[in-house]
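Here, each number is a calculation from the coordinates, and none is a lab measurement. Keep in mind the model is a prediction, meaning the values are calculated, not measured. Glycine gets a Cβ as well: all are built from the backbone with ideal geometry, and neighbour counts include every protein chain shown.
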Amino acid sequence: MLEFCSDRQAAFAASYLLLIFLISILVFLFRGLDPDKIDVLHKLQPPSPLHWFGTDNMGRDYFARVLYGGQVSLLVGVLAMLCSVLIGVTVGMLSGYFGGLIDGFFMRLVDIFLSIPWLIMVTVFGLLFKKGLLSIILVIGIFSWMDIARIVRSEVLAVKGREYVQYADFIGIPPLSVMTGHILPAVFSTIITASTSTIAGAIMTESALSFLGLGVQQPMSSWGSLLQQSQKYLQNAPYMALLPGILIILTVYSFNKLGDILRVFAEPRVRAGEEDMPREAGGKSGNEETAQEKCGEGRAENPPRKDKEREEAEIPVREASERKETEISAREASEKRGKDE
Amino acid sequence: MLQTEKLFEIRGLKKYFPIRSFLGGKRGDVKAVNDVSFSIYRGETFGLVGESGCGKSTLGRLILRMLEPTAGEIFYKGKDIHQSPPGRQEMQIIFQDPYSSLDAYWNIGEILAEPLRFQPLSAREKQERIEAMLEKVGLKPEDTQRFPYEFSGGQRQRIGIARALMLKPEFILCDEPIAALDASIQAQVVNMLQDLQEEFHFTYLFISHDLSMMRYISSRIGVMYLGSLAELAPSRELYEKPLHPYTRALLSARPVADPEKARAIKRLPLSMELPSPLDNLPGCPFAPRCPFAKPLCREEKPALRELSPAHFVSCLRAEEISSENG
């Protein structure tokens, strides 16, 4: 727990997510907040004590719309993640454990799915399916499991070579029990990490879809659809784009950061023991890398033990960026000092 | 301790691993085990030595049916193991690496209960057996709640041994169980294995590359070279009168603690590296490195033959060499 608190970025990410989730779940308690109440007389009003985030082009309270939009975005993110983790882990486990033809089939399937630009796939399927939240979730889930499948497969291959798995096979434990009993726990931390970044990816995808008009339909809102509607009013009401945009960025960042934290907590027993551990969970999307770079700044001040190990392993690749980061943090520090004085 | 009842009889055992080219076509075979025949007697410790990659572990795993042989037969108590496979509880294995042989996410109780999974025992009986076994290998009954990372390498290896013993097997394959341990712990583990053998009359197939330790443990020793048996003899005889040039080279390279004795040993350096098991040599597999090789050795493959009672060697010139070199 000490490590956790010492990393301020992590603490921020965790408390931010907790807050967002609590608000999203409890938003119905605020009776006064109706995201669909139209008040044309007071449209496009800037933020005020009455309307904290102002009003939109139809005079609806933007604060309420952003909160309800967050509910939709998070719901889509979490459910799409569950869907893609379910597919990805199943495919990865079967592929890695059985190998041979099954492996060949699934991996070629992954190649096919990956070789088609996902946006086109999602667009086509979005047009085919009945519009609605469920179809968005399924479409995103069905087109984002490939990375997880690949990561899980490679982890399973590594675990399968360990002698305790060979022993279980030898004494005749059925394959399904070996997979759930021995292999799943060993790849669990990887799955956790991959799934948090999948949530982040799903939220981004949903935003992009809604931005293109393929996502949630009016009057329901999500952060992405709010962004899309705000386009026309950028000059009059820039806050309409800024607020959902900032929330998307913070949420995506926090989920990526959360993956880093959870990995450390998911394998406490192994951490102290096995030497072949700190392994890098793969599956970095662009977001995760930027998130990690950001973390670097935090680490420079107060590096947790595990992260330090990992950094050492990464030194050759990261030297240049690290230097930049230390410069940045040095500058930040001097600025802070200036402010204090 | 030599007994006459054969527990295992192995005839012409072969295991080839195909090498595939990029497109999946077969390019050749790695002959990991190439035509090996021998027997293991009940109650003995059969030692199998050889350098890395010579097929010792593959041979062991073939006997346990963890791998399917390419050709050859294995008889267990007189029955072909492919027609009437013996129960899993009759054979067990102890692994080399005590770190990867125990699941880090399972506690010791769970690890030791795994072999008992198919036994018709109540949870209480299982618990009692586990605790009794832990005491037998010098650990405490409370340790069932602890996890592998809380133990040292030697303790982990003893947990691995306890797991192998849970079912009171007839036969235990020890796949280099001491190679990953410190010298002091090696002795401790080996002594424990011997005590357990005396108590339960196990038969061991002990794989190792540690010649000094082998002499201490084994009743008979087989020397493997590139997938085939080079020499097979009772351990005393093998150390005192090695017949195969490879065995001689191995024994002469063995570190000896006493410097006086060490100086007296005539070293038999081997010239080349171990050839790849991929190469398909017509003659004796050892011929390219053998200091005594004659042209004939490169053409004719020697068979394992009994030169003196219970002492087998696969070398065409074994008699000449031993008469020349004593």
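Okay, here's what the table says:
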| quantity | calculated |
| --- | --- |
| Interchain or long-range residues, amide H under 5 Å from B:Thr203's placed H | B:Gly43, B:Phe171, B:Ile172 |
| Inter-site label distance for B:Glu320 and B:Glu135 at 7 Å from Cα along Cβ, in nm | 6.3 nm |
| B:Arg20-A:Phe98 FRET efficiency (beta carbon distance; Förster radius 25 Å; 0.05 resolution) | 0.85 |
| Simple Cβ-charge dipole of region B:1-152, Lys/Arg +1 and Asp/Glu -1, about Cα centre, in debye nearest 20 | 680 debye |
| Within region B:1-94, chymotrypsin sites (Phe, Trp or Tyr not before Pro) in DSSP loop having at most 14 other beta-carbon neighbours inside 10 Å | B:Phe22 |
| Mean ellipticity per residue at 222 nm, deg cm²/dmol - from DSSP H runs of n ≥ 4 across chain B, formula -39500 (n - 2.57) | -8500 deg cm²/dmol |
| Length released on extending from A:Leu82 to A:Leu234, taking residue separation times 0.36 nm less the Cα-Cα span | 51.2 nm |
| Whole-Å distance, taken between Cα centres, linking region A:93-145 and region B:173-208 | 51 Å |
| In degrees, nearest ten, helix B:123-136 long axis to first principal axis of chain B (Cα) | 50 degrees |
| Region B:250-258 - phi-based ³J(HN,Hα) in whole Hz, Karplus 6.51/-1.76/1.60, Gly and Pro as x | 4, 5, 6, 8, 5, x, 10, 5, 7 |
| Average other protein chain Cβ within 10 Å of Cβ, residues B:92-105 | 6 |
| Partner chain coverage, peptide B:161-169 - average Cβ within 10 angstrom | 1 |
| Size of charge dipole - region B:6-325 - debye, nearest 20, with Cβ of Lys, Arg +1 and Asp, Glu -1, no other charges | 700 debye |
| Percent of Cα pairs exceeding the 22 Å cut-off, where the set is region A:16-283 | 61 percent |
| Spin-label pair A:Leu127/A:Arg108, simplified geometry with 7 Å Cα→Cβ offset, distance in nm | 2.9 nm |
| Cross-link pairs beyond the 18 Å C-alpha cut-off, checked among A:Lys37/A:Lys130; B:Lys15/B:Lys56; A:Lys43/A:Lys232 | A:Lys37/A:Lys130 |
| ³J(HN,Hα), Karplus 6.51/-1.76/1.60, whole Hz, each residue of region A:216-227, x for Gly, Pro | 5, 9, 4, x, 4, 10, 9, 4, x, 6, 4, 4 |
| Residues whose placed amide H lies under 5 Å from that of B:Ser228, excluding near-sequence neighbours | B:Asn34 |
| Longest to shortest principal axis, alpha-carbon extents of region B:6-325, angstrom | 67, 55, 41 |
| 3J(HN,Hα) from dihedral phi, region B:58-71, Karplus parametrisation 6.51/-1.76/1.60, rounded to Hz, x for glycine, proline | 4, 4, x, 6, 5, 5, 7, 6, 7, 10, 8, x, 6, 7 |
| Label-point separation, A:Leu26 to B:Lys79 (7 Å along Cα→Cβ), nm | 6.9 nm |
| Using a Förster distance of 41 Å, the FRET efficiency for B:Glu260-B:Gln127 (Cβ separation, nearest 0.05) | 0.15 |
| Inter-centroid distance (Cα atoms) of region A:169-219 relative to region B:301-319, Å | 61 Å |
| FRET efficiency, 1/(1 + (r/R0)^6) with R0 30 Å, evaluated for A:Ser15 and A:Gln217 via beta carbons | 0.35 |
| Stretch gain in nm, segment B:Gln119-B:Glu51, where the contour uses 0.36 nm per residue and the Cα spacing is subtracted | 20.6 nm |
